[in-house]
Structures are given as C-alpha cells and as structure tokens.
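The values are calculated or read from the model by the stated rules, or taken from the named source; none is laboratory data. Everything quoted here is computed from the prediction, not taken from an experiment. Cβ sites come from the backbone with ideal geometry, for glycine too, and all protein chains shown count toward neighbours. SASA here: full protein model, heavy atoms, side chains in, ligands and nucleic acids out. Shrake-Rupley method; radii C 1.70, N 1.55, O 1.52, S 1.80 Å.
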4 protein chains.
Amino acid sequence: MDKVRIGIIGAGRIGKIHAENVLRLPNAEVVAISDPFADDNLREWAAARGIGIVTQDSEDVMNNPAISAVFICSPTDTHVPLIKRAAAAGKHIFCEKPISMDIAQTKEAIEAAEAVGVKLQVGFNRRFDHNFQRVRELVQSGQIGDAHLVKITSRDPAPPGKEYIRSSGGIFMDMMIHDFDMARFLSGSEAEEVHAYGSVLVDPVFAEFGDVDTAIVTIRFANGALGVIDNSRKAVYGYDQRVEVFGSGGSAAISNDYPNTAEIHTAESVRRDKPLHFFLERYNDAYIQETVQFITCILENRDVPVSGYDGYQAELMALAAKRSLQLGRPVKLAEAYEFTKQAHVKEGIQ
Amino acid sequence: MDKVRIGIIGAGRIGKIHAENVLRLPNAEVVAISDPFADDNLREWAAARGIGIVTQDSEDVMNNPAISAVFICSPTDTHVPLIKRAAAAGKHIFCEKPISMDIAQTKEAIEAAEAVGVKLQVGFNRRFDHNFQRVRELVQSGQIGDAHLVKITSRDPAPPGKEYIRSSGGIFMDMMIHDFDMARFLSGSEAEEVHAYGSVLVDPVFAEFGDVDTAIVTIRFANGALGVIDNSRKAVYGYDQRVEVFGSGGSAAISNDYPNTAEIHTAESVRRDKPLHFFLERYNDAYIQETVQFITCILENRDVPVSGYDGYQAELMALAAKRSLQLGRPVKLAEAYEFTKQAHVKEGIQ
Amino acid sequence: MDKVRIGIIGAGRIGKIHAENVLRLPNAEVVAISDPFADDNLREWAAARGIGIVTQDSEDVMNNPAISAVFICSPTDTHVPLIKRAAAAGKHIFCEKPISMDIAQTKEAIEAAEAVGVKLQVGFNRRFDHNFQRVRELVQSGQIGDAHLVKITSRDPAPPGKEYIRSSGGIFMDMMIHDFDMARFLSGSEAEEVHAYGSVLVDPVFAEFGDVDTAIVTIRFANGALGVIDNSRKAVYGYDQRVEVFGSGGSAAISNDYPNTAEIHTAESVRRDKPLHFFLERYNDAYIQETVQFITCILENRDVPVSGYDGYQAELMALAAKRSLQLGRPVKLAEAYEFTKQAHVKEGIQ
Amino acid sequence: MDKVRIGIIGAGRIGKIHAENVLRLPNAEVVAISDPFADDNLREWAAARGIGIVTQDSEDVMNNPAISAVFICSPTDTHVPLIKRAAAAGKHIFCEKPISMDIAQTKEAIEAAEAVGVKLQVGFNRRFDHNFQRVRELVQSGQIGDAHLVKITSRDPAPPGKEYIRSSGGIFMDMMIHDFDMARFLSGSEAEEVHAYGSVLVDPVFAEFGDVDTAIVTIRFANGALGVIDNSRKAVYGYDQRVEVFGSGGSAAISNDYPNTAEIHTAESVRRDKPLHFFLERYNDAYIQETVQFITCILENRDVPVSGYDGYQAELMALAAKRSLQLGRPVKLAEAYEFTKQAHVKEGIQ
C-alpha cells in the first residue's frame, strides 16, 4: 500500500479536523465522509476538499472496498458498534476517546479489533504534544531518576452547554480521561487505586446530572509512585495544561503555551497575554501528529502509539474515580471492573 | 511596657535564631537563655550578644520577674508542660510547632494560656513570608474570586537523620504541618476531611518507624473548596516551596526564591542556579517578621497572628492524615479527635 | 480575479519555501518556476506539487500571460533587472531582501514598479511574526506611551560559509537589514543618523572581505527616540531574536520562542532546552503570513504591508552603518545616498 | 587592630545608610559623624545608635586619633579636598562616587592616598550585588567563553528634582557612571572609545542644564569586545537594572529583582508585581557588602575591591561620553583627559 484511503465517520468539529489533517498528508486520502445529518453544507465543504463521497449512512463507508481505514468521530454511544462493524469489514480504526462509557463493551470492541488483526488507535492527542512528549522523554531517559510524584493540572476555559453535560459521562470520563492517560504515559506505571474529591463550584447545572465541575483525584501507582490530577471546568484565564513529574534525580515540569512572548511593564504591573485559550489551537500540532502516526503505522505495519488497551485503562481509572466520589473512599482499579458487572446485573444489561 | 524582656528556652539551632532575631529589635531584649546542656560554648555565645543569664534550668527563666515572655524552642515533648508553667508564671509564650504530638494535650496547653490571658503564638513562620503573604492578600482581596483549589508543594532538599526521624512524629506532624496551616491560611476555610497517600521511595529507614517519605494529601474544605499537598523528604534541586490558589476569578501562584536572576545560555541548554537550598536562608525574613509581630502584639496588647487554635487545627489535620494513611480511607477532622481519645484509653493514658 | 497565478523566479531554499506556502493558499496557484540550474530534481519536485512549468529562463515566466505575480528569489544582483522586467510585463512583484546592494538602483527599481502601478512587496518576513506583531500593536495602541528606546538583539546560531560571506554585502546589508526594518516598524519613526561599531571576534574569515561578525549600531530617530541593534554571527545557544521598546508609559519586550516549555530541575541547575535554532523553524508562520498578505493585497487591490520604500529605507540605514564603521563617525541617512553617488563617480558606474 | 573605628563625613541619606551598615558589623564602630548642618535631630539619631561624637566640623573627625577610617559622603565638590585631608591624617578612605567632576583632581586625590599608603575605596556598590556578582563569576570562570558583547540597562523610576539635576554633573557622571564601572567589571577589559546619543524625552528641565534624560552609549573595548549602555531617568514600572554578557561560549543575563514571585492569572492577563522600585531596597545587601569588604581589607591589610583607579576610569568614560554627545562623534578615552586640560586652560582653572 502506498497510500491509506480513509473514511471519516461523523462530520462534527473533530471529524472535520481529522479530515483536514489527513488531507495535508502525502500518503493518505479522504475518500468518504458519513454523517446522519449530512446536508448541502457538508457536501460543499467536502467538494472544496476533493472528498468524493458524502453520505448519511456509515455503511456506505464500511462497504467501500477502496477504504482501508476509518476515523470514528461520531457520538460516544456509537463507538462500540462502529468499531465492531469496521473490524468485521477489515478496516483499521482510529477512534475518538472514550471508546465507550461501559468498560465491558470497551473490552469487547478491543477484542473485536484484535481478533481480525486491524489496528485500533485511540484519540489521546496530548501524547503527541511537544510539551508532554518532552516530559515523557526526560522521564524515560532517566534524567530525573525514578518517578515519585506525577502532578497534572487540566482546566477548561469555560464549561460546556447543558446538553453536552447531560450526555458527557461526567467529568472523569469526559475530561479527566485525558489526564488519566497522561498519568500512565508519564509515570510509566499502572494505577492501582484512586481517590476522588469533587465539588460543584462553577455552575449548579452540574449537580443536576450528578456531576461535579471541580475535582482532585489522587493515584497510587503499582510501583509506589503517587499522582494527583486537578480539573476545573472553568479557568477564566484560559486553557490550563501543565504537568510535573518529580523523581529521585530531579523534576520536569511544563507550563502553558502562549500566543507570544511579549512582556509588558507598566506603572501597574508586569504582564503578558493569557495562555492559548482553546484546545484546538493549543493541540493543533498534536492532532496532526496523531494522524501522521496512525497513517505511518498502517503503511509500515507497526503497533499504533495509543492502543485500545490504553483507552481501556484510562476508562477504568475514570470509572474508579467516579465510584470513589460516590462511595467516599479510595477505589482499586481491580474493583472498578467488578462494579460495572454488578451494575450490568442490576440494570439488566449483562 | 516599652520593651519586652525575653527568656529563650532551648538553645538549639532554632532557639539561637530566635534569640538573634530578637536582639535586632529596638523594643525587645533577651534577658536569659536556658538549656539542660548549657555549657561554656553557650555562655560565650550569649556573652558576645549581651545575654546576661545562661542556665541549665528553665525554672530560672520562669521565676525571673523581669522576663515577660518566653520562646519555647525545646524538644516537642516538653512544649506542653512548659506552656502550662509559663502560663502559670504569667508570661507570654511563643512556641515552636507543633505544640505537641497529642491533640488532647495541645488543647490543655492552649486552655492554660487562655485561662490566665497570656498570649500564645505558634511558630508557623511561613505565614510571614513575602510570597505566601502576597497570595493570601490576593485571595483575601477577592482578586481571584472564590477559592476553588488550593495546591501546595513542599519538599525538603534532603531527609533528616535517623534519630530525628525516630522522634519526629512522622511526615504529617513534622513536615506537612506547615502546609496544613498554609492550606487554612490561604483558603480562608476549615478542612473537614482529608485523604492521604504515602510511600517510602527516598530511604527505607522511614519504613522502620512506620513513616513515609513521600506523601500526597487531599483536603475537602467546609466551603466546598478542595486542596492538595505534596511532600517529599528529598528534592535533589533544593528546597521547593510553592503554592497555587485557583478561584472563580483567576489564580495566584508562587514559585521558589532563587539566589540570583542570572540566566545562562550555552550550547547545551538555558539554565539558572538552583533555588535557595535550605529553610533558614529561604525563610530568614519570615523568622524575623514573626518575632517582630509577636513583640508588637505584646506591647500593643493585640491578638497574635498565629494563635494556639491555629496550632491545634493544623495538628488535627496532621492526625487525620496519619489515620487516613493507616486506615486506607478519608478521615474527617471530627473523627480525628475521637481516635486520639480511643488511643488514650487503649494505651492507658487518658 | 479570483486567484493569483504565480511564477517563482529562483528555485533555491527560499524560492521553494515561498512556493510551498503559496501552494497551501486557496486563492493562489504556482503556475511556473524558473531557475538557470533547473534540472530533473527540480522537475520532479515541481511535478509532485502540481507546478506545470519548470524552465531555465525567467523570460518564460515574464512572457506567460496567465501569470499575474512573480516571487523574485534569485541572487541579489539579479533583483533590479528582474523587477524592472516584471514591471514592464505588468506583473505584481514579491522581492526578497535586499532589493539591491546599490541604493540608486533600488530607487530605480521601485520607480519602475510605481510607474506601471504593479505592487512591490519586500521580504521582511519578521514583520509578520507573532512576537514582533504584538510589540508593534502595543506601541501603536499607545499602551507604553511614546517610544524612547528601541533595542533589538539579533544573532545567528552559526556563521555562513566563505562563499556566502564573500557576496553577502556585509553584515549590515545581509543580516542587520532585517533589524533596521524592525527599528522603523517598531519605533514608528524614521532614522536620521546611525553610528556603528564592529569587530571580528567569531571568525577571521570575515576580515578577509572587509566584513565584521559582531556589531552594535545605535540610531537617532527623527522624533528624538534612540535605538540600538546588536548582531553576532554566532550564538552557540541558537537563533536569538529579541526586542524591547521602552516608552514614557512602560515597556514591551519579547524573548525567544522555545521548542517546549519543559523546565528541568536537577542537582546541578534548573534548565530548559535551547531556543528554536534556525530561522526557518522560528519564522515558519511569518513566511506563510507574508505570502497570505501579498496575495490578499493583490486580490483586494490594497497597499502591500512592506513597500519598496521600506526596502529602500532599510538599505539606506545599512549603507549608513557601513560608512559609519569605515569612517569611524556617525553618518546621517541624508549623507548616505550622497556617498553612493560619489562612489559611482569614482568607480565609473554612474 | 581588632576593630576599625570610623568617622562618617556627611550625614545625608547615604551617610546614614553607611553608618547603619557599619553599626551591624562586629569588627567596626562608628565613633563620630560630621555634617555642616548637624542639629538636634542628628544628635538624637546618633545617640540612639551609640555614636558618641556629632560635629559640624569635619576637622574634628580628621584630628581624632581614635579614628582610623572615614566615609566621605558629602557633596561631590568636597570629595577631593577631604580625600587629601584624610590621607594627610593617615586615615583609610571610603569615598562615594564620583570622586570628582574633574578628572585631573580625581587623579590628584588618588595620588595623595597612594603617597601615604592609606586605602581608598570608591562606592560602586553594584559590584557587590548578588546578580552582577554572579554574571562576573560566569564570565571570569570562562563559562561563556570570551566576552563579545556587554549590554547594560539602567533606568531610574523617576527623575530627581531640579536642584539635584543642576549640580549632578549630567547623566553620564551622575547616573551612567555606575554602568561604566559595571562595563569594566563585567567585560574584564578597558574601554578605548565611546560614542553617545542622548535626548530629552522625559522632562524639558534637563535641557535647561545642557543635560539629557535618555541616553545610549556604545563602547569599544581594548580587546575588541563591544558594549552598550542605555539609561533613562524615568521607567514608570520602577528601577530597571539588567545586564547581559554575550560571548563565544554563550551568554549570561540577569533580570530584575522582584518583591515576590506571585503570578496572577485573570481574565485579562497573566501578571506579577513590578520590580523592586528604588535603589535602596534593590541594593540594600550590596551596600552592606561593600562596607564589610572595606572593613575586612583594612583589618587584613588587603587591596580594596574597588580602587581609586576604578573610580578614575569610570569618570574618564563619563567624560568621554559627555564630549561625544557634545561633539557628535566617538571619543577615545585617551582624548578625554586632553579635553579636560584644554578646558582648564580655557576656563583659567589650571
């Protein structure tokens, strides 16, 4: 194969971003895009980019023999059936995070892809960011010794709308899941147990859905290292994305990215502009890089850099954190899966 | 009174520092210093500073009618009897932290001072530091809105010796107690519950005494705000003292103090010298300021800036954190006092 | 016109960069590329990018009626004849800096473009950089009051090769010319006089050509403001691009851009990675933006953001600085043009 | 000698600062203070500090056999006669900068001190500052290779009053003289030639006295290195004191000192408090250190760290800069002395 021909499933914001990023690559091509709400606007958008097929039915993508890989960018509750369907069609899969809200189903989806040997990459884009990458390198190369503490700050500039919150799966599954993945990525160890505190301090609407908008989760890793993640749905100064890994030989910490380096001295203060405000501008390059890597791994038949297992583990941490908040005690990851099974029994899902 | 005449009890490192700092003040005088191990060296040291009385018996200080205030700088297990004795003698009291390892006794000591109306200030020197003060001002003045998250990093450059560790009372009571006080100082709210994770990652000697050298404690405050403190006994790059308060209107964060601002660009990197390495150089001014305030409060008959209650609350947080680590679950401060009473029963102390 | 059809003249590094940048734009197209050394490699490169015409003769570009604008990216001594030729052919012109080494000829070229009404933009890419732009905005909006001092640091990571140095025109015309333009761009005033100091400290090869590798030039602006530029051909830590404008109401300063924000604390120091090392990565976005602006100005028939006059003035400053170094005294810009005329007489050029 | 007994001449702001700093030292004592305007206020101030003698006549200090060193803190025009008088009396001398406004007289004063072998230290306090010291160490230890460029920024928060300006000797002798000394201190080379630009941009009052309030001076050092100093009488954001030394192996740069490290993120910007505002708080420790060094050098009979020659050279640079501004051309230091002699002839001083 000299070129990966791609179908995009889901033409929302993130679907379009992936499409645009693929379009830049010399070794990939967007053949089709599907969305239940595909309309003239989408057709125009696609035509301007040389995307030949626009359809309302994802089956048109799945059945197209020219397409060898799909990007699943549709709502979370459709991810698992689409992964299974794509696997059945022998197509490589890039799936947005989380794979699902239901850890058992996530497992099934991963197994479906493994069974037929297609690649499955999960959209933890931050792993490809220049800052996080550098911290990872510093840790992996032993430059700060053994990791003792992993600290992650992740705050959004503004909370999402009510409809989004309703179906988001909660702060741990929707927002902190990126940080759970980062905790594993940076520490080089698996989490064994987590403890969560959460509050509704930004907007009472979160309480309506049993959700919180402010949370601190601590983590005990298998190797004895400890971690902490703090999330807020609203940082008035913009998108706040920092990490620190502290180890026996020193520490590595990243601060935010800024639109410029200008420092302004006045009679009042010394100030600079706020950090980059939104995840799309902050992680623009990371989104491109995850796509580049996915395509390259297909063409060179290598393991993808973010596996289904990575997606599964982060979901397990999110689930454990959620239960910890509900139960008011630390929860082991080993327990978390059991909870789900019980829930299935209770809710009659199995 | 135009001048406060002072007796120093305990001539170790911190006792001498307080003595030197008092000696700078125009409105205070060091009349006597006592230490069970007072010897010719101490007599020489005192003579060079015009301190007239050097004694092995603290009773010589307590019985001296010229002395109106004492600095209790002796080992922790002597604090409570000395506070009671000083109170009985009608002397104002500055006591190093913690007041005691036993919360019930701490309560008794505070009540003893209150009963006779002498002032009791606890040695939480960091409250007087230029950086922490500035964050407190920013929070109190509403410049960052309501506090949502309080994050404190506190790491020592190197662990203490084995003998120190043995009698230290553990990381929460010995080291994190400063951070517990800071959490209250900065958040403006009381802690309701804490959860602790701890590990032995720096030196196995800590495990010998049932202690840890690395810890993360999370806090749920009464007003819904959340907090987190991380401690390590060994940061190879020096003394690490940072806080961040994040609120509805923004955040205020302090970084470390450095010996100079020089930035060195070479073919390898851009670097600067390490932060100030030791608490004595880092908090030099804060030690002076706490003394200035104590003296001023006596002379002007004002409330001291760090009360016995402040000492008590920080000890309660330390106790709750210790129990949390032992029990593997969050512990309410309200529970912590109960634990102690039960322990007393069990251990036959009452 | 809905699209600007472009011919690139000169297929060296910078010619290819401009071609690639134009290729990203929806409203422009690269129709042809010419280079006296055009070969199969270039033909392959062009074919892969859909550039239909590759030729050794720039006349093929000039005579092509489909082409409405040219990018002149050939050696400096060809700029003036090519500008005149393009003007005669009615094509808009983007010309790399400097327009020429001979200020009188530069004037002629500008007049040739003006006479026929084609646009002429000069390649001062730094004007489009996010950092410099922000300083300009701060100055223009009055946020730092009236400008009193303009300070520019500009250092290369490593000196060019001997052949390059020989024909470079010297440090003022080749390297500091960007900074002369920046001085005008940021101060909002014209230079009246300059004074130059220069030394050969990096490599004796510069002395062979009567050139220097280290220079400081000070500037007296028409409005009384003062400026200083320092250049070095070799900063071992990388590309160093900083400015500060100090005014009656404060100052605005920019520091370098870095590949990441990671700060590494070890037992030795606190360090970070070196700044972005090379002008192509540092000014990548600025190169794109200057192209975007040029195309937009053609399509909307607006004045270009960097005019021929801007190129002329920067050359005049470079010329004055060169003479100042030769004569050992400050040189007025008004004098500089006279020097050239005398030189013409002496060298029999006229 | 176990203790240096000191007489302070001149009881203005700086005289009192030196007195207070000497009073802290265990190996020095302030015996007397003289000032033509000595009054009850001064007597009270002295009494509170245990200074026994207060007099209106400096001869009382000069004639006192108990006094072995004097601090000359009187107006500049009295420095030379007082140095000669103190030398004649065999007393060591600490003299505030500049020694005089007249380079020939400065020479005579230095020679007078040398002739009798008393020490003469000049008050270039910045040499003792933690930041400048660190840059000096980095340069001297070869960590940045050979120095190529020395850049000094020095700006005051607000201009002095009219009376001060009238008798200040002008910006170069009054303000930039510190920076001239720093240029020599940091470069490790002597200046050969300087060129000055100056403007009146802050306050027209400077023009009344033939002075400027904004200046940039460039320097050519004997070893080929180049330097630049910029001064402004008014930086609204406070006292601005920065240097950078750039060399073959890298660069060392210092930024300002701040009252705290707090960084405040809000919806508007990221800001911090302004730098330390005034030279007394900024250089508090440096003033103490220069005194410590002076006393130690007397007691241990070592060369003082800032000699009369250092004072002379800085004055010569100031003089050359002043002439450069007047003449509109660079001026060699070798010329500067000649100018003075001519001026003497012209003005009939000789």
With all protein chains present and a 1.4 Å probe, the order of B:SER251, D:SER167 from largest accessible area down is D:SER167, B:SER251
Simple spin-label estimate for A:GLU59 and B:ASP57 in nanometres, 7 Å along Cα-Cβ:
10.1
For chain A, what does the accessible surface come to per residue with a 1.4 Å probe? Please give it in Å².
37
How big is the range A:233-305 on each of its three principal axes, counting only the C-alpha atoms and giving the largest first in Å?
60, 35, 26
Interface A-B: total buried accessible area (1.4 Å probe, Å², nearest 100) of 3000
Do the alpha carbons of any pairs in D:LYS162/D:LYS234; D:LYS3/D:LYS91; B:LYS84/B:LYS119; A:LYS84/A:LYS119; A:LYS151/A:LYS274; C:LYS97/C:LYS274 sit beyond 18 Å of each other, and which pairs?
A:LYS151/A:LYS274; C:LYS97/C:LYS274
Pairs of Cα atoms under 8 Å, at least six residues apart: use those to get the relative contact order of the range C:125-259, whole percent.
39
Residues in the range C:215-240 occluded by at least 40 Å² - accessible area, probe radius 1.4 Å, against chain by itself
C:ILE216, C:THR218, C:LEU226, C:VAL236, C:TYR237
Among A:PHE132, A:VAL122, A:ILE152, whose Cα projects farthest towards the positive end of the dipole of the range A:117-156, with charges put on the beta-carbon of Lys, Arg (+1) and Asp, Glu (-1)?
A:VAL122
Whole-Å distance linking the alpha carbon centroid of the range C:115-154 with that of the range D:243-257 is 26
SASA check, B:LYS162, accessible area w/ 1.4 Å probe, all protein chains in place, rounded to nearest 10 Å², comes out at 100
When the Cα centres of the range C:57-77 and the range A:27-103 are compared, how far apart do they sit, in Å?
44
Starting at 0 and stepping by 10 Å, how many percent of the alpha carbon pairs of the range B:4-118 end up in each bin?
15, 49, 30, 6, 0
If amide hydrogens are placed 1.01 Å from N in the peptide plane, which non-local residues have theirs closer than 5 Å to the one on C:VAL200?
C:ASP213
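If I take R0 = 35 Å and measure r between the Cβ atoms of D:ALA47 and D:ALA104 in this structure, what FRET efficiency does the formula 1/(1 + (r/R0)^6) give, to the nearest 0.05? Before the final figure, lay out each step's value.
Details: r = 41 Å, r/R0 = 1.18.
The pair D:ALA47/D:ALA104 has a calculated efficiency of 0.25.
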Report, in debye and to the nearest 20, how large the dipole of chain D comes out about its Cα centre when Lys and Arg carry +1 and Asp and Glu carry -1 on their Cβ.
320
Over all directions, average the projected area of the Cα convex hull of chain B and note it in nm².
20.0
Can you give me the Rg/Rh ratio for the range D:59-136, using Cα atoms for both radii and the Kirkwood formula for Rh?
1.03
If you rank B:SER307, A:SER187 by how much accessible surface each has, with a 1.4 Å probe, what is the order from largest down?
B:SER307, A:SER187
Give me a comma-separated list of calculated 3J(HN,Hα) values for the range A:203-219, in order, Karplus coefficients 6.51, -1.76, 1.60 applied at θ = phi - 60°, integers in Hz, x for any Gly or Pro.
7, x, 4, 4, 4, 4, 9, x, 9, 10, 10, 9, 8, 10, 10, 9, 10
Longest site-free stretch - chain D; sites: GluC sites (Glu not before Pro), DSSP loop, at most 16 other Cβ within 10 Å:
D:1-189
Of B:LEU333, B:ILE6, B:TYR309, whose Cα points farthest to the positive end of the dipole of chain B (charges on the beta-carbon: +1 Lys, Arg; -1 Asp, Glu; origin at the Cα centre)?
B:LEU333
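With r as the distance between the Cβ atoms of D:TYR164 and B:ALA66 and R0 = 51 Å, compute the FRET efficiency 1/(1 + (r/R0)^6) and round to 0.05.
Working: r = 50 Å, r/R0 = 0.98.
Once the sixth-power term is evaluated, E becomes 0.55.
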So, with +1 on the Cβ of K and R and -1 on the Cβ of D and E, and no other charges, what is the size of the charge dipole of the protein assembly as shown about its Cα centre, to the nearest 20 debye?
0
Out of all Cα-Cα pairs in the range A:202-350, roughly what percent, to the nearest whole number, are more than 29 Å apart?
41
Averaged across the residues of A:253-260, what count of C-beta atoms belonging to other chains lies within 10 Å of each residue's C-beta?
5
I need the helices of chain C that pass two filters: whole DSSP H segments spanning 18 Å or more by Cα along the axis, and mean Kyte-Doolittle score no lower than -0.5.
C:103-116, C:284-299, C:308-327
First obtain the Kirkwood hydrodynamic radius of the range B:281-344 from its Cα pairs, then insert it into the Stokes-Einstein equation at 37 °C and 0.692 mPa s, and state the resulting D in µm² per second as a whole number.
231
Please state the relative contact order of chain A as a whole percent: Cα pairs under 8 Å, 6+ residues apart?
19
If R0 is 25 Å, what FRET efficiency do you get for B:ASN27 and B:HIS277 from their C-beta distance, rounded to 0.05?
0.15
Tell me what the protein assembly as shown gives for mean residue ellipticity at 222 nm when only DSSP H runs of n ≥ 4 count, each as -39,500 (n - 2.57), the sum divided by the residue total, rounded to 500 deg cm²/dmol.
-11500 deg cm²/dmol
Within straight cross-link reach of C:LYS332, meaning Cα distance under 19 Å, which lysines are found once same-chain residues fewer than 8 apart are removed?
C:LYS107, C:LYS322, C:LYS341
Stokes-Einstein translational diffusion, the protein assembly as shown - Kirkwood Rh over all Cα pairs, 1.306 mPa s, 10 °C, in µm²/s:
44
Cβ-defined net charge surrounding C:ALA113, 12 Å radius [Lys, Arg +1; Asp, Glu -1]
+2
Averaged across orientations, what area in nm² does the convex hull of the alpha carbons in the range D:132-272 project?
10.4
